[in-house]
Amino acid sequence: MMVDLPAVPLLDVCRDNDALGDEILAAMERVVRGGQFVLGPDVRRLEEQFASYTQSSFAIGCASGSDAVLLALMACDVGEGDEVIMPSYTFFATASAAWRLGALPVFVDIDPHSYNIDPGGVQEAITPATKAILPVHLFGQCADMQPLAKIARDHNLALIEDAAQAIGAELDGRRAGSLADVGCFSFYPTKNLGGMGDGGMLTTNSEALADRLQLLRGHGMRPRYYHQQVGINSRLDSIQAAVLNVKLPHLETWTAARQQNADRYGRLFAECGLEDDVSLPQTQGGCRHVWNQYVIRISGGRRDALREHLTQAKVGTEIYYPVPLHRQECFSELGYRDGSLPHTEQAAAETLALPIFPGLSGPEQHAVVSQIAAFYGAAMPTLEAAEDRAPLRRSA
Ligand SMILES: *Cc1c(COP(=O)(O)O)cnc(C)c1O
């Protein structure tokens, strides 16, 4: 059944940036007229604010989230033949960073409720060649870091957080980015703090690692034209930092809006009686979820049919991720096959991300859930369920 309701985009970055348009343009103009385009005072200011926001001692800007992961592994001396334990259910950059250093990604299955790496599987995957553990805080909530930190300590391994999707997420009151040796962030426009191009950030509490990261992002050069180590060119552009300096003070408001949107979905779905067909995302105990994605799980092999229905109804959705990394062609020589990581493969086959961006409206969310209800011939949600019950909260 088709229902005539508004179209809803998966993401509308222009809507979220709109209120700050003049301020962002003014910040960009200052960079254009100032003439310092790489690093510089805007980047230093962002690094300071970012360190404070993530409860970290140091923050180091770089060119992208992908480079952040690469630099973190380099700073932890990961190289040829080392094994890096990570989830397969993540964005490609998590694994490609290790691969590019000649290290081997060792893929471990996820917990099917949080979609994050299963610490039990990490313990089993340790070998004498293991050098680092690289958990990902997928969709906006932290991986189960406490057991991972213990495993890392017991085996003298580096622990690196891929926090690209989790800026502002917390575990037991501690922020993502401060939960491991190094934290990696991305300012890709679809992330919770998005720039207007590529950008990334590293966080650490170790002065030695901060120094190493600073060296490595600039060709290992110190002083100028004297190279202590072979680094890479991965600096943050001033213009991106200027944009992000305008946006960072608003991040908590946007996070609160994402949390409110997640609550609205919960109320809307509760009216449809779809519990057997649609599983809603779960927030783990002790977590502050920042909802980079709102990912539902569709049982009965109907995910792709539902997605097609929503596409027809002009509701934007996405599949994160249709092919888990252990099944990617480029990693075929690692020897994983279908069935190697069952929870990961099931998630890849069943999950669907719905719109959750801060500027999403109640009526739009009502339209999303109504179209899903129509697909199943279920009860339609009321518009009242999308009305806000409480003022915007500032934290979990
Ligand atoms: C986005 C993302 C990255 C890479 O960030 P870029 O800035 O796009 O290079 C790495 N890991 C995860 C989990 C991501 O979601």
Flag for Ala353 being surrounded by 15 or more Cβ atoms within 10 Å (Cβ to Cβ) and either assigned by TED's automatic domain parsing to the domain that holds Ala97 or not in a helix (DSSP H, G or I) (or both) | yes
Of all residues in the range 280-302, how many are out of contact with any Phe, Trp or Tyr (no Cβ under 7 Å at 6 or more places or on another chain) and surrounded by fewer than 21 Cβ atoms within 10 Å (Cβ to Cβ)?
-> 10
Please indicate, with yes or no, whether at least one residue in the range 235-256 is within 30 Å of Arg45 (Cβ to Cβ) and assigned to a strand (DSSP E or B).
-> yes
(1) out of contact with any strand residue (DSSP E or B) (no Cβ under 8 Å at 6 or more places or on another chain); (2) closer than 28 Å to Ala95 by Cβ: which one isn't true of His366, the others all being true?
-> (2)
Residues of the range 154-179 being over 11 Å from Ala143 (Cβ atoms), more than 10 Å from the chain's Cα centre (by Cα) and part of a loop (DSSP other than H, G, I, E, B), in sequence order, are Asn156, Leu157, Gly168, Asp172, Gly173, Gly177, Ser178
Report, ordered by the first and then the second residue, all pairs with beta carbons closer than 9 Å, sequence separation of six or more or different chains, a first member in the range 299-321 that is in a helix (DSSP H, G or I), and a second member that is aromatic (Phe, Trp, Tyr).
-> Ala305/Phe375; Leu306/Phe375; Leu306/Tyr376; His309/Phe375; Leu310/Phe375
Is it true that some residue in the range 199-211 is assigned by TED's automatic domain parsing to the domain that holds Ala97, without any contact (Cβ under 8 Å) to a residue 24 or more places away in the chain and either more than 16 Å from the ligand (Cβ to nearest atom) or part of a loop (DSSP other than H, G, I, E, B) (or both)?
-> yes
Residues in the range 43-52: is at least one out of contact with any Lys or Arg (no Cβ under 6 Å at 6 or more places or on another chain), at pLDDT 95 or above and aromatic (Phe, Trp, Tyr)?
-> yes
Flagged in the range 331-350 as over 30 Å from Pro6 (Cα atoms), outside any loop (DSSP other than H, G, I, E, B) and touching a residue at least 60 places away in the same chain (Cβ under 8 Å), in numbering order, are Phe331, Leu334, Pro342, His343, Thr344, Gln346
Can we say Gly195 is within 16 Å of the ligand (Cβ to nearest atom), in contact (Cβ under 8 Å) with a residue 24 or more places away in the chain and closer than 18 Å to Asp12 by Cβ?
-> yes
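The values are calculated or read from the model by the stated rules, or taken from the named source; none is laboratory data. These figures come from a predicted structure and were not determined experimentally. Positions of Cβ are backbone-derived with ideal geometry, glycine not excepted, and every protein chain shown enters the neighbour counts.
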